[in-house]
Amino acid sequence: MNRAFRLAPVAALVLLAGCALGGPKTEVSIYAPQVRIEADPAWPAVDWRLTLGTPDANALLDSQRIAVRPSRDRLQTYKGARWVDTAPEMVQLALTEAFEDSGKIASVSRWGGGRGDFALYSDLRAFETVYEGDAPKVVVEIQARLVKSGQGGGLVGARRFRAEVAPAGVEIEAVVAAFGEAMAQVNAQIVGWTLVEGERALSAPKPDAPAGK
């Protein structure tokens with residue numbers, strides 16, 4: 001079956017593979033999903049700082065290759081297409097921008113850009129196109145863990161977030177657009193959950209000190 005991952009996408013960037021050896025030109029398209037979220041008015045506005053770690057991922061997802069699953073137990077990549085960055089780095093940047101665009105948090109930075117009152121760690125469990133028969137769907141799944149920093153800190157909560165979006169077509173451009181929509185759905189869920197759980201952790205009553213202390 002000649003599915004979308006066999007199609008040659010429209011060129012966005014030409015890489016001269018093997019040009020130093022006089023080899024043929026290999027045309028590779030570079031894609032960057034557009035990810036936008038809308039802030040929920042019900043989300044709390046917070047005055048604490050958040051640090052985002054880069055998601056952990058398996059070797060295939062931790063690359064610029066665009067993963068596609070033609071059957072349940074088989075993973076491939078789209079021919080002649082690459083992400084602009086590795087999937088975990090794209091997810092981290094998009095999530096950072098989602099927090100910033102929400103207007104609900106005092107400060108958010110990626111790991112290494114400063115220490116926050118909370119840290120958000122994650123595992124990228126799925127970032128791929130899945131085929132069920134001839135119909136593809138984009139799946140983005142992230143396991144998130146919110147941790148309070150400093151003395152008396154620790155795990156605040158953990159939750160898995162998942163979105164499935166059917167592309168408008170099997171062409172790579174339609175698939176990339178579906179990735180952007182799926183990322184936006186997951187990011188909105190994570191932003192709202194993080195703000196609520198962080199505020200709850202800060203407002204929770206502290207345990208009484210032992211007698212005589």
Quiz item: With labels modelled as points extended 7 Å from the Cα through the Cβ direction, what inter-label distance (nm, one decimal) is found for Arg36 paired with Leu60?
Solution: 3.2 nm
Exercise. Any chance you could get the radius of gyration and Dmax over the Cα atoms of region 57-100, in Å?
Key: 12.2, 38
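Provide the packing ranking of 169-175, 157-163, i.e. peptides ordered by the mean count of other C-beta atoms within 10 Å per residue, highest first.
Put in order of decreasing packing, that is 169-175, 157-163.
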Quiz item: What is the spin-label model distance, in nm, from Glu89 to Ala168 if the labels are put 7 Å beyond Cα along the C-beta direction?
Solution: 2.9 nm
Quiz item: With every protein chain kept in the model, how would you rank Ser29, Ser149 by accessible area, 1.4 Å probe, largest at the top?
Solution: Ser149, Ser29
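The values are calculated or read from the model by the stated rules, or taken from the named source; none is laboratory data. Note that the coordinates shown come from a computational prediction; the quantities given were computed from them, not determined experimentally. Heads up, the Cβs are rebuilt from the backbone with ideal geometry, glycines too, and the neighbour counts pull from every protein chain shown. Each accessible area value is taken on the protein alone, full model and side chains, heavy atoms only, with ligands, DNA and RNA left out. Shrake-Rupley method; radii C 1.70, N 1.55, O 1.52, S 1.80 Å.
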